[in-house]
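Participant: Sharing a structure below in C-alpha cells format, with a few things to ask.
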Amino acid sequence: LRHLNQRHLSLQHLNLQLVITDVTNRGANDLIVVLDTVVRMYSWDPESEDRLVAQDKQSYNFQGEVAAITVNTLANGQTILIVCIPHDGIKMLKAIRSESGFEGWEPVTQVSKFTSPVRDVIGNIRSNMDDQEDRMVSLVTLEGLLTMNRGDQELWSLQLDKPIFALLKMDIDNDDNDEVVACSWDGLTFFVDHKRNICKYKFEENVPIRGFCAGQYAIGSDGNKPSLVYITNGHVVIYFNVELTSLGVQTLNDYPFDFGSICGNPNPSPEHRRKLIKTLLKS
C-alpha cells in the first residue's frame, strides 16, 4: 500500500453507498454514488482538473433513504442498478445513454414490497441459465426473510433463524453457480444454493461481528480461492480456500458404483440398484 498515490479526494456525508461498474455498457467503469436518497454517477477523466467528473445532468431522487445498492445483468447484456429502500422494497434503474453521453436514469420495475424492511440486496448471481435469462437477485429483510428473484418474479423465499446484516455471493462448491452467503451479527453464517439447500457455520469466537465479506481472495501464489472475512473488535479473521462438496443431500444412488463388477450388470434398474446398495450396507 505504500506505493499507492492518492489521485482524487472527495468529501461526502454518510449514509453513502458506492458501486463501480460499466452501467452504460461503454467499455469503461463508472462510479455510482448513492447519498441518502440521491443517485449520482461519476467517471474518471484524466484530462479534467477535477478528475472525477459527474456524468448525470441532474440527480435521481428516491422517496426513502437507500440502505444498499447493487448491479445486475439482463439477458440482453445490459447492466441495471438495483436500489434497496428498507420500507419500499427494491427498485431497478437502467442508464439511458445517447451519442452525446449519459442522459439519466430510467425506472425499470419494482419488486413487491415486504412486510419487514429490506436490509440488503446482492445481484449478478450466476446460474446455468445466465445465457437465456436475466441474472438472479437475492435480498434479505431485517427479520431474516431471504428471497431469490429474477426480474420482478420471486423464485422462492426462505426464513432464516437470525437477523442478517450482510448478504454476499460466492461459488463455494465449485459448480459454476453462485451461492448466497448471509451473516448475522453473532457470526452465524448461512450458505444457500439455488434450490434452497442450506448449510450453516458458526464463527468460532463468541464476539459481535462488526463486518463481513465473502468472495475470491489470494494469499501468495496460490491464486484466488473462496474465502470468508470476519471483522471483530480489533481483529480481522480470514478463512482461506473454503469449499464444500455440495449443499444438497446426496444418496448412495448419486455415486458411481461399479455395478458391473458387483452383479455382472453395469446398468441395473433403479429398484435393483437400491437392493444392491442395501445389501452392501448390511455386509
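Participant: In whole percent, and with a 1.4 Å probe on the protein chains, what portion of the accessible area of the stretch 160-209 is carbon and sulfur?
Facilitator: Values: 1100 of 2240 Å².
Here carbon and sulfur together make up 49 percent of the probe-accessible area.
Participant: Moving on. Starting from 0.36 nm per residue, how many nanometres of slack lie between D45 and K202 once their C-alpha separation is accounted for? Write out the running numbers ahead of the final one.
Facilitator: On the way: separation 157, 0.36 × 157 = 56.52 nm, distance 4.53 nm.
Taking D45 through K202 to full extension adds about 52.0 nm, to one decimal.
Participant: Based on the alpha-carbon gyration tensor of the stretch 26-102 and its eigenvalue square roots a ≥ b ≥ c, which shape applies: rounded if a/c is under 1.5, prolate if not and a/b is larger than b/c, or oblate? Present the calculation step by step, with values, prior to reporting the outcome.
Facilitator: Details: a/c = 2.23, a/b = 1.39, b/c = 1.60.
Here the stretch 26-102 falls in the oblate category.
Participant: If you stretched the chain out fully between S116 and R97, how much longer would it get, using 0.36 nm times the residue separation minus the C-alpha to C-alpha distance? Let's see the in-between values first.
Facilitator: Details: separation 19, 0.36 × 19 = 6.84 nm, distance 3.53 nm.
Going from the current span to full extension adds 3.3 nm.
Participant: Taking 0.36 nm per residue of separation and subtracting the Cα-Cα distance, what length does fully extending N224 through D36 add? Could the numbers behind the result be given before it?
Facilitator: Details: separation 188, 0.36 × 188 = 67.68 nm, distance 3.43 nm.
Additional length available on full extension: 64.3 nm.
Participant: Moving to a separate point now. State whether the stretch 154-237 is rounded, prolate or oblate according to the following rule on the C-alpha gyration tensor (a ≥ b ≥ c being the square roots of its eigenvalues): a/c under 1.5 gives rounded; otherwise a/b larger than b/c gives prolate, and the remaining case gives oblate.
Facilitator: Because a/c hits 1.5 or more and a/b fails to exceed b/c, the stretch 154-237 counts as oblate.
Participant: Something else now. In Å², what does the accessible area per residue of the stretch 63-197 work out to with a 1.4 Å probe?
Facilitator: Numbers: 5750 Å² over 135 residues.
Per-residue accessible area for the stretch 63-197 comes out at 43 Å².
Participant: Quick check on the stretch 108-249: take the gyration tensor over C-alpha atoms, sort the square-rooted eigenvalues as a ≥ b ≥ c, and tell me if it's rounded (a/c under 1.5), prolate or oblate.
Facilitator: On the way: a/c = 1.90, a/b = 1.23, b/c = 1.54.
Because a/c hits 1.5 or more and a/b fails to exceed b/c, the stretch 108-249 counts as oblate.
Participant: Which three extents, in whole angstrom, do the alpha-carbon atoms of the stretch 116-185 cover along their principal axes, largest first?
Facilitator: Projected onto its principal axes, the Cα set of the stretch 116-185 covers 34, 27, 15 Å.
Participant: Using modelled backbone amide H atoms (1.01 Å from N, in-plane), which distant-in-sequence or interchain residues come within less than 5 Å of G187's amide H?
Facilitator: Amide H to amide H, under 5 Å and 5 or more residues apart or across chains, G187 pairs with I209.
The values are calculated or read from the model by the stated rules, or taken from the named source; none is laboratory data. A quick note: this is a predicted structure, and the numbers were derived from the prediction, not measured. Quick note on the areas: whole protein, heavy atoms, side chains included, nothing else; ligands and nucleic acids left out. Shrake-Rupley method; radii C 1.70, N 1.55, O 1.52, S 1.80 Å.
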